[in-house]
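Beneath this line is the structure, given in C-alpha cells, with notes to follow.
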Amino acid sequence: MKIARIVTFVLTAAAVFLQAGAAQAALKTQWIDYKQGDTALSGFLVYDDTVQGRRPGVLMIHDRSGFSEGTLADAQMIAKLGYVVFAEDIFGKGIVPKTVPEMMSTIAIYDKDRPLMRARALAGFDVLKAQPMVDPAKLASVGYCFGGTTGIELIETGAPLLGFVSVHGAFNNFAAEAAKNIKGRVLILHGAEDPVAPMEEVNAVISQFRAAKVDFEVNLYSGAAHGFTKPQNPSEVRADDE
C-alpha cells in the first residue's frame, strides 16, 4: 500500500516538509514497555533520528497477527516519510499469535470487550504523544484489519487525532451515538468483495458518520477482498499500489 498518500490525507500540512528529507532517513527503532491497568504491553517506536525538532506522529494499530514481521515493516515504511511511528500493543507483551485460529481467538477477546479495546488503544496513544520528538498537535492513526476496528473505537472516544485511516478494516458493533465524538478526518480503504467486512457493514458505519457529520472518505476497490495489502489477484495488486 502506497502509504504516503494515506498519511498525507490526515496530515496534509506537515507532509510536504517531511517528504523533502525522507530520502536521507536514518531510522532508529526501540521497544517501549508500558501498561494498561495491570497488563504489561510493549510497543515498537520508529523514527528518523536525523530530523530535528518535533514532528507529526502516527499511531499504528496492528492486524490480527500482532507484532509480525509485516507489522514491523509497515511501521518502518511510514517512518521513512519522516513521521514518528508508534506501533502500539493491543494483545499484551510477548503475545504474537502464530496460526489463524490462534489469531481469531485472540482478537475475539477484544471484539467482545469494546471497553478493553478502547483502553488498550488509548494507552498506546498516550505513549506516542508523550514522545519528546512528537508534535502533540499533529497526530494521526492507521489501523490494519483488526486495527481498523480498534481505530474506530479509538477515535470514537474523542481522542485528539487529526485523522484515522482504516486499511481493510471491519465495522461491526459500534455504538451509533459514539460517532459524534470523532474530531478528525476518516479515510476507509476497502475491498468491495471483502467477505470479512461486507458492504452492509461499510454502509452502516457510513450512515453513522453521515448522521454525526464526520469528515470522511471511502475508497472502494473492485475485485479486492480482505487483506488486499497482500495481493492475491490483479485487482488487489491495483488496490495495494494506490
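What the table below lists for this structure:
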| item | result |
| --- | --- |
| Residue within the stretch 51-68 that is farther than 24 Å from Val186 by Cβ, part of a helix (DSSP H, G or I) and open to solvent by 50 Å² or more (accessible area, probe 1.4 Å) present | no |
| Considering residues of the stretch 184-204 that are in a helix (DSSP H, G or I) and open to solvent by 10 Å² or more (accessible area, probe 1.4 Å) only, the residue nearest to Asp63 (Cα to Cα) | Glu201 |
| Count of the stretch 97-125 residues which are among the acidic types (Asp, Glu) and in contact (Cβ under 8 Å) with a residue 60 or more places away in the chain | 1 |
| Qualifying positions in the stretch 205-215 - exposed (fewer than 14 other Cβ atoms within 10 Å of the Cβ) and in a loop (DSSP other than H, G, I, E, B) | Lys213, Asp215 |
| Top-ranked residue in the stretch 76-96 [being outside any strand (DSSP E or B) and farther than 17 Å from Ala40 by Cβ; ranked as modelled with the highest pLDDT] | Gln76 |
| Residues being among the basic types (Lys, Arg) and either outside any helix (DSSP H, G or I) or touching a His at 6+ places or on another chain (Cβ under 8 Å) (or both) - total across the stretch 125-182 | 1 |
| Residues of the stretch 216-242 that turn out to be of a type outside the set (Gly, Ala, Ser) and in a helix (DSSP H, G or I), as a count | 6 |
| The stretch 11-60: number of residues that are among the aliphatic types (A, V, I, L, M), modelled with pLDDT under 60 and farther than 11 Å from Tyr83 by Cβ | 4 |
| Members of the stretch 147-165 found to be open to solvent by less than 20 Å² (accessible area, probe 1.4 Å), closer than 21 Å to Ala79 by Cα and either without any contact (Cβ under 8 Å) to a residue 24 or more places away in the chain or not β-branched (Val, Ile, Thr) (or both), listed by number | Gly147, Gly148, Gly151, Leu161, Gly163, Phe164 |
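This table checks each residue for (1) surrounded by 19 or more Cβ atoms within 10 Å (Cβ to Cβ); (2) under 17 Å from the mean Cα position of the chain (by Cα); (3) within 19 Å of Ala121 (Cβ to Cβ); (4) modelled with pLDDT under 95.
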residue	(1), (2), (3), (4)
Val167	yes, yes, yes, yes
Asn173	no, no, yes, yes
Asn181	no, no, yes, no
Asn219	no, yes, no, yes
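The values are calculated or read from the model by the stated rules, or taken from the named source; none is laboratory data. Here the structure is a predicted model, which is why all the values come from computation and not from measurement. No Cβ is skipped: glycine too gets one built from the backbone with ideal geometry, and neighbour counts run over all protein chains shown. Only protein heavy atoms, including side chains, enter the accessible area calculation; ligands, DNA and RNA are left aside. Shrake-Rupley method; radii C 1.70, N 1.55, O 1.52, S 1.80 Å.
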